[in-house]
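Okay, structure first, notes after.
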């Protein structure tokens, strides 16, 4: 039988290729042992990336919900704080205003100045901006909803021009605040924000603006008393006292509306927090599942590394022996 042998050069090339291949396998196996991850995920999944793509799509959706819940929680918290501040401003003067009917002209003047300052503060609260966004302007987040207090009082003075009694001034003020061409035109914000998606099939209502009746009517109460500081009903101490009293009644009557508004926003806050908790748990679970898909069995990877290293050591021995071959060694 004819015997075919491999030439020295060919044998050397074969051994070099085998050595390079085994060294590559050792490197990949060592990486898998060190990281616990497949070095070739495509091969591990046999080319079927659909489970991984589905998980990544879900994680991307959860990332969007995470941003939405953070923004919605931020907005509702800022609104709650502003409304609480508005209630504090009202409670700090309403009782005194209710007793203004029997107050002296000087006391009424002091109350009116205080009411004007509180009206300015109330407008400031509703003009709250956080991270460059107006909280009560609806979609017009780059614009504060209300103008300066002096502009509001000027408009109210015009609306109440000719009023001779506290009742007439009160009617003019409440009429201006409910008129689309009055307070509706003074409002500089936009329409309410659309519901914000916070979870699969769930959205949060963050639609409160400065046009909300509870907020609008509260401003009307401060404005009634603030007009006294602008000289309305001047010279008639009795009617000025009655107007101050009407302002106190207005502020007291809006207390329940502000409480209801805060409760409504609080319900939204609870839904946002619940959605955030669920989304976080789902994100953690999907992250673990994704990690499992790309992970290797540490025992199997270690065993495979040892086997490849043994093959490489054996190849080195063969290569060393081949490299020492000579005629003297052959005839010995």
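The values are calculated or read from the model by the stated rules, or taken from the named source; none is laboratory data. Quantities reported herein were computed from a predicted structural model and do not represent experimental measurements. Ideal geometry is used to build each Cβ from the backbone, glycine not excepted, and the neighbour counts take in all protein chains shown.
Restricting attention to segment 180-199, does a residue exist that is touching a helix residue (DSSP H, G or I) at 6+ places or on another chain (Cβ under 8 Å), part of a helix (DSSP H, G or I) and either surrounded by fewer than 17 Cβ atoms within 10 Å (Cβ to Cβ) or at pLDDT below 95 (or both)? Within segment 180-199, none of the residues are touching a helix residue (DSSP H, G or I) at 6+ places or on another chain (Cβ under 8 Å), part of a helix (DSSP H, G or I) and either surrounded by fewer than 17 Cβ atoms within 10 Å (Cβ to Cβ) or at pLDDT below 95 (or both). Taking the criterion of being closer than 30 Å to residue 192 by Cβ, out of contact with any helix residue (DSSP H, G or I) (no Cβ under 7 Å at 6 or more places or on another chain) and either assigned to a helix (DSSP H, G or I) or modelled with pLDDT of 60 or more (or both), would at least one residue in segment 91-103 satisfy it? For segment 91-103, residues closer than 30 Å to residue 192 by Cβ, out of contact with any helix residue (DSSP H, G or I) (no Cβ under 7 Å at 6 or more places or on another chain) and either assigned to a helix (DSSP H, G or I) or modelled with pLDDT of 60 or more (or both): present. Taking helices (runs of 4 or more DSSP H) as the structural unit, those lying wholly within segment 239-332 and holding at least 1 residues that are modelled with pLDDT of 65 or more and either over 40 Å from the mean Cα position of the chain (by Cα) or surrounded by 11 or more Cβ atoms within 10 Å (Cβ to Cβ) (or both) correspond to 255-294, 298-323.
Matching residues to (1) modelled with pLDDT of 95 or more; (2) in contact with a helix residue (DSSP H, G or I) (Cβ under 6 Å, 6 or more places away or on another chain); (3) in a helix (DSSP H, G or I); (4) at negative phi:
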{"residue": "55", "(1), (2), (3), (4)": "no, yes, yes, yes"}
{"residue": "59", "(1), (2), (3), (4)": "no, yes, yes, yes"}
{"residue": "69", "(1), (2), (3), (4)": "no, yes, yes, yes"}
{"residue": "80", "(1), (2), (3), (4)": "yes, yes, yes, yes"}
{"residue": "88", "(1), (2), (3), (4)": "yes, no, yes, yes"}
{"residue": "113", "(1), (2), (3), (4)": "yes, yes, yes, yes"}
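Could you list, in sequence order, the residues of segment 119-141 that are more than 16 Å from residue 207 (Cα to Cα) and over 15 Å from the mean Cα position of the chain (by Cα)? Passing the criteria: 119, 120, 121, 122, 123, 124, 125. Confirm whether residue 71 is within 20 Å of residue 191 (Cα to Cα), within 34 Å of the chain's Cα centre (by Cα) and surrounded by 15 or more Cβ atoms within 10 Å (Cβ to Cβ). Spelling it out, residue 71 is indeed within 20 Å of residue 191 (Cα to Cα), within 34 Å of the chain's Cα centre (by Cα) and surrounded by 15 or more Cβ atoms within 10 Å (Cβ to Cβ).
Of these, 10, 30, which one is modelled with pLDDT under 75 and in contact with a helix residue (DSSP H, G or I) (Cβ under 7 Å, 6 or more places away or on another chain)?
Checking each option against the conditions leaves just 30.
Going residue by residue through segment 175-183, is there one that turns out to be over 30 Å from residue 106 (Cβ atoms) and touching a strand residue (DSSP E or B) at 6+ places or on another chain (Cβ under 6 Å)? There is no residue in segment 175-183 that is over 30 Å from residue 106 (Cβ atoms) and touching a strand residue (DSSP E or B) at 6+ places or on another chain (Cβ under 6 Å). Per the conditions (1) surrounded by 15 or more Cβ atoms within 10 Å (Cβ to Cβ); (2) out of contact with any strand residue (DSSP E or B) (no Cβ under 7 Å at 6 or more places or on another chain), the sole criterion not satisfied by residue 113 is (1). Take the conditions (1) out of contact with any helix residue (DSSP H, G or I) (no Cβ under 8 Å at 6 or more places or on another chain); (2) within 20 Å of residue 108 (Cα to Cα); (3) in contact (Cβ under 8 Å) with a residue 40 or more places away in the chain; residue 168 misses just one of them, which is (3).
Looking at residue 142, is it part of a helix (DSSP H, G or I) and either without any contact (Cβ under 8 Å) to a residue 40 or more places away in the chain or in contact with a helix residue (DSSP H, G or I) (Cβ under 9 Å, 6 or more places away or on another chain) (or both)?
Taking the combined requirement at face value, the residue does not satisfy it.
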